[in-house]
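Inspection log for the structure reproduced underneath, given as structure tokens.
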Amino acid sequence: MIRKIFLLPIIFFLLSPLIFARGKADEEEVKTQNDEWILCITNLNTTALEPEKRIVTGVILRRLVENIESINFRTRISSEYAYYEEAAWANKRSTAAKNLAVKQNERSLLLFRGEPDWRYRANLAKLDSEIEKLQAELEEIDKNAPVINKEPVFKLFSGNLSFQFPEAPVSGNEYRFCTSQKADAALIGTISDYHGRFIVTLKLYTIFTRSFVWEERIIFSHEDLESVLEEFSRKLIIVLSGNKPGAVEITAEPEEALVLINRSFAGRGKTDVLEFPPGRITVTAAAPDFESITFETDIAPGELSQISINLKPIEYADVEITGNHKGLSGNVYHGAMYVGEAPLTLRLPVNYLELMELQIESGDKGRIVFSTPDANGIANSINIRTIRQPRQGSVDTARRLYYWSWAGTWASGIAAWISYHEYNNLATAFVQGGSNNLGLYNDTNTMYNVYMGTLIALGAFVALDLILMARYIYVSNRDSTTVRTGK
């Protein structure tokens, strides 16, 4: 009984690798195929465009690349999935069938060639065993279709990432072009001139359909290039992502509010229902005398997102701008814009940073940055202190003098350190045996005088450093802008 109990841990130890290995195999994830979907953007056909206008094609292609790079993955629809599944399945079956045919040919050659009895039987048994395994593998492939990635990573052709665009294929050779570039699709387009405006046509070819699945044409001028490229990219991204587009409708108050989506004009007040590729969009709304707002929101595929925006009115307060002396007049500038002569009362938005400048006839100036407080109807007074402007180059002169003084401090300090050690060595030699040496005594006194001179020079330079540093700080900050905090 004791022996049986002792054997149980040993049996468990020997069988545990098999048990855990089986559990690990069950937990392994299924490996998918076709994990990437690659698009190749070709160069636009410019044969119908004048040579001096062809530079615009580079701008269009670069902007398309920058916008399309935002796609992370593509969702495969059933027909596309079936194409890649059949292609992968056929490839696996073809490979397995070729391997089986090779082994069957080897068996036929063995029967034809003939060998000694013992070697013939051994080789024939070996080939029959390998053929049987290959037949089982082929049957297994026929039973189990390969698993294709339903959401492959979207990538651009490697050359496109460095803004290199291959020439478009001749009509009818699109499939061969895609396979040679190892791409799943190709974007092909043309650009032409129409009475001073551009006509751009883009077409998307996919290998799983062996045809063009999307085409868009648009006419625009130089001034509309930015908005047109944004609109072009938005429609193309919807197609390339493989998802149903999402839609958004925005209602903003007040009615004259300007609405931007992804920095492009979308409308005023209430926008139309606009389609966007699923994902995040940036919405901006602004109107005169109202606080603007910018936020991000997510658009779901196949759904309409309705957004309401109520802009908050800006509160204003009266601010009186005066000089540092009573009755002093001068020109007042709000930022860089002239607004009148001081004393002057301005109506400014509350809690916004403002920059005011006062310039009087003598040439003295003063600036102040402040945040307009809410005074509940009581006028605030902002006093701007004017000072005489430093002459041109005064800051550079003060800085240069300070640097020279600092260099003198270092030089005199090093000289004092060297002369001290020389004096110390001479004094030690004089005490230790040269007390009757008149020449050594004179050299010691001379070095002492040098040491004291360098020490006095060092002290003078340090004092001068402090004076010139204070002067440099004063001159460089004399014209700095005053910042007022609080009420």
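Observations on the model:
- Residue check: Glu291 meets all listed conditions (1) charged (D, E, K, R); (2) touching a Lys or Arg at 6+ places or on another chain (Cβ under 7 Å); (3) surrounded by fewer than 14 Cβ atoms within 10 Å (Cβ to Cβ) but one, namely (3).
- Close contacts from region 427-451, counting a first residue that is within 24 Å of Ala411 (Cβ to Cβ) and a second that is among the acidic types (Asp, Glu) and modelled with pLDDT of 75 or more, with Cβ to Cβ under 6 Å and a gap of 6+ residues or different chains, come to Met447/Glu422.
- If the condition is being out of contact with any Asp or Glu (no Cβ under 8 Å at 6 or more places or on another chain) and of a type in the set (Gly, Ala, Ser), then region 278-301 contributes Ala285, Ala286, Ser292, Ala300.
- Hits in region 191-208 - residues which are part of a loop (DSSP other than H, G, I, E, B) and in contact with a Phe, Trp or Tyr (Cβ under 9 Å, 6 or more places away or on another chain): Ile207, Phe208
- Complete set of residues in region 172-208 that are of a type in the set (Ser, Thr, Tyr) and surrounded by 13 or more Cβ atoms within 10 Å (Cβ to Cβ): Tyr175, Thr190, Ser192, Thr201, Tyr205, Thr206
- Close pairs from region 412-423: first free of Cβ contacts under 8 Å to residues at least 40 places away in the same chain, partner assigned to a helix (DSSP H, G or I) and hydrophobic (A, V, I, L, M, F, W, C), Cβ under 7 Å, at least 6 apart: Ser419/Met447; Ser419/Val450; Glu422/Met447; Tyr423/Met447
- Failed item in (1) touching a residue at least 12 places away in the same chain (Cβ under 8 Å); (2) of a type in the set (Val, Ile, Thr); (3) over 30 Å from Ala317 (Cβ atoms), with Ile384 passing the rest: (3)
- In region 28-44, residue farthest from Gly189 (Cα to Cα) [restricted to those that are at pLDDT 90 or above and assigned to a strand (DSSP E or B)]: Glu36
- Residue in region 472-487 that is modelled with the lowest pLDDT, counting only those that are under 37 Å from the mean Cα position of the chain (by Cα) and in a loop (DSSP other than H, G, I, E, B): Thr485
- Selection of region 112-137 for residues being modelled with pLDDT under 70 and in contact with a helix residue (DSSP H, G or I) (Cβ under 8 Å, 6 or more places away or on another chain) yields Gly114, Glu115.
- Of all residues in region 361-379, none satisfies being in a helix (DSSP H, G or I) and hydroxyl-bearing (Ser, Thr, Tyr).
- Qualifying positions in region 213-226 - touching a Phe, Trp or Tyr at 6+ places or on another chain (Cβ under 7 Å) and in contact (Cβ under 8 Å) with a residue 24 or more places away in the chain: Ile219
- Of the listed requirements (1) surrounded by fewer than 14 Cβ atoms within 10 Å (Cβ to Cβ); (2) part of a strand (DSSP E or B), Val283 misses just one: (1).
- Put simply, of Glu223, Glu231, Glu249, Glu140 the only residue that is surrounded by fewer than 18 Cβ atoms within 10 Å (Cβ to Cβ), touching a strand residue (DSSP E or B) at 6+ places or on another chain (Cβ under 8 Å) and modelled with pLDDT under 90 is Glu231.
- The single condition among (1) under 23 Å from Ser70 (Cα atoms); (2) part of a strand (DSSP E or B) that Glu231 does not meet is (2).
- Sole exception among (1) touching a helix residue (DSSP H, G or I) at 6+ places or on another chain (Cβ under 9 Å); (2) exposed (fewer than 15 other Cβ atoms within 10 Å of the Cβ); (3) of a type outside the set (Lys, Arg) for Gly302, by number: (1)
- For region 235-263, a residue qualifies if it is in contact (Cβ under 8 Å) with a residue 60 or more places away in the chain and at negative phi, and the qualifying residues are Leu236, Ile237, Leu240, Ser241, Asn243.
- Residues of region 252-263 classified as crowded, with 17+ Cβ neighbours inside 10 Å and of a type outside the set (A, V, I, L, M, F, W, C), total: 0
- Region 313-361 - residue that is hydroxyl-bearing (Ser, Thr, Tyr) and either without any contact (Cβ under 8 Å) to a residue 12 or more places away in the chain or within 30 Å of Ala257 (Cβ to Cβ) (or both) and, of those, surrounded by the most Cβ atoms within 10 Å (Cβ to Cβ): Tyr316
- Residue count for region 48-78 under the criterion of being touching a Ser or Thr at 6+ places or on another chain (Cβ under 8 Å) and either in a loop (DSSP other than H, G, I, E, B) or not charged (D, E, K, R) (or both): the result is 11.
- Leu464 more than 23 Å from Gly413 (Cα to Cα), part of a helix (DSSP H, G or I), in contact (Cβ under 8 Å) with a residue 12 or more places away in the chain and in the same structural domain as Ile414 (by TED's automatic domain parsing): no
- When Glu50, Glu69 are screened for being under 21 Å from the mean Cα position of the chain (by Cα), surrounded by fewer than 17 Cβ atoms within 10 Å (Cβ to Cβ) and closer than 27 Å to Gly189 by Cβ, only Glu69 passes.
The values are calculated or read from the model by the stated rules, or taken from the named source; none is laboratory data. Because the structure is a prediction, the values reported are computed rather than measured. Note that we place each Cβ from the backbone using ideal geometry, even for glycine, and neighbour counts take in every protein chain shown.
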